[in-house]
Amino acid sequence: MVDYRSVSQLKQYQKCGYSYYLARIERVWERPAAWLPQGLAVHEAAEEYEKSGRTMDLDKMQDVFQESYASHTNRMAEQTPNFDYWFASGPYKGATDVERRFNLGMDQVVKYKEYYEQKAPREVIWITPDGDPAIELRFDLDLDGTKVVGYIDQVIEHPEHGIIVRDIKTGNKPGDDFQLAVYAVAVNDRYNTEISVGDYWMGRTGKPTVPYKLDDWSKETITEQFKAVDEGIRAERFDPDPEESKCRFCSVETSCPFSALRR
């Protein structure tokens, strides 16, 4: 059993403990989805663009996306070569969705470059006191003995809100304020900053969400959340919470005896 926690672990465990057990303890087969390589590839293209000091041209950014998308898709296809077993996205089934999301991702790369160069050139990557650009910034946070690790997509110097944390989302919905609050606490804890705002840059719209105020999430309240999850996992409490809306998009649903889809 791992000796650290992450935001994704917490979210999965809180959503359904048995899903956590199947995916992370038993490591059963997980249904692939084309939205996963799309998200990974857009992130990698954005990361390389930012590492270049925003000098990388669009063709090279899209080359990064294409190579990454192909690599991650091929990796998933090696394990599940029959695309009929992949998640569908609305009316778009496996193979069709793989092609569709390639095109969506290519377009999101365009939107990313246009946003920072044409719409918000003053929103720049923050440079840490160590002299590193805050891109895919790793953090190790000790919450009263519970270790939390992760990577922050971006920390931005924002002309209106000061230093903020930003996560890139390529799907239809942003995340919640908790994820951003963990990132803010992690940066504040390490660098003695005072970040209290975060947002999600949405590939679908080509711009960030409205700012999330993070003041309600203190280090203490975040610690409570992680310690409760950590204690539950260590006590091997993996309670199922089957609901159709959850089970329909659960990657381990086919191995779950509690699935609401087969009642």
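The values are calculated or read from the model by the stated rules, or taken from the named source; none is laboratory data. Since we're looking at a predicted model, the values are computed, not measured. Note that we place each Cβ from the backbone using ideal geometry, even for glycine, and neighbour counts take in every protein chain shown. The protein model used for the area step is the full one, side chains on, heavy atoms only, and it has no ligands, DNA or RNA in it. Shrake-Rupley method; radii C 1.70, N 1.55, O 1.52, S 1.80 Å.
Quick notes
- Dipole of the chain, positive end: most advanced residue of S255, A235, V210 [Cβ charges, Cα centre]: S255
- For the stretch 27-40, 3J(HN,Hα) per residue [Karplus equation, 6.51 cos²θ - 1.76 cosθ + 1.60, θ = phi - 60°, Hz, x = Gly/Pro]: 6, 6, 4, 10, 5, x, 8, 5, 6, 5, x, 4, x, 4
- The length gained on full extension between D84 and Q14, counted as 0.36 nm times the residue separation minus their Cα-Cα distance, comes to 22.2 nm.
- Pairs exceeding 26 Å between alpha-carbon atoms, taken from K15/K111; K213/K246; K93/K113; K60/K169; K51/K111: K15/K111; K213/K246; K93/K113.
- Placing pseudo-labels 7 Å out from each Cα toward the beta carbon at V110 and S245 gives an inter-label distance of 3.4 nm.
- Size of charge dipole - the stretch 72-128 - debye, nearest 20, with Cβ of Lys, Arg +1 and Asp, Glu -1, no other charges: 140
- Efficiency of FRET between A228 and D189 - r from beta-carbon atoms, R0 22 angstrom, step 0.05: 0.65
- Among Q12, Y115, A46 - extreme Cα towards positive end, dipole of the chain, charges at beta-carbon: Q12
- Theoretical gain in end-to-end length, E136 to N103 [0.36 nm per residue, Cα-Cα removed]: 9.4 nm
- Nearest-20 debye value, the stretch 161-263 charge dipole, Cβ charges on Lys, Arg, Asp, Glu: 540
- Expressed per residue, the C-alpha convex hull volume of the chain stands at 136 Å³.
- Inter-site label distance for Y4 and D59 at 7 Å from Cα along Cβ, in nm: 4.0
- Ligands, DNA and RNA excluded, the heavy atoms of D153 present near 10 Å² of accessible surface to a 1.4 Å solvent probe.
- In order along the stretch 178-193, phi translates into HN-Hα couplings of 4, 4, 5, 5, 4, 4, 4, 4, 4, 5, 4, 5, 7, 10, 6, 8 Hz, rounded to whole numbers, per the Karplus curve 6.51 cos²θ - 1.76 cosθ + 1.60 with θ = phi - 60° and x for Gly and Pro.
- Approximate spin-label separation D144-A235, in nm, with each point projected 7 Å along Cα-to-Cβ: 1.5
- Simple Cβ-charge dipole of the stretch 1-83, Lys/Arg +1 and Asp/Glu -1, about Cα centre, in debye nearest 20: 520
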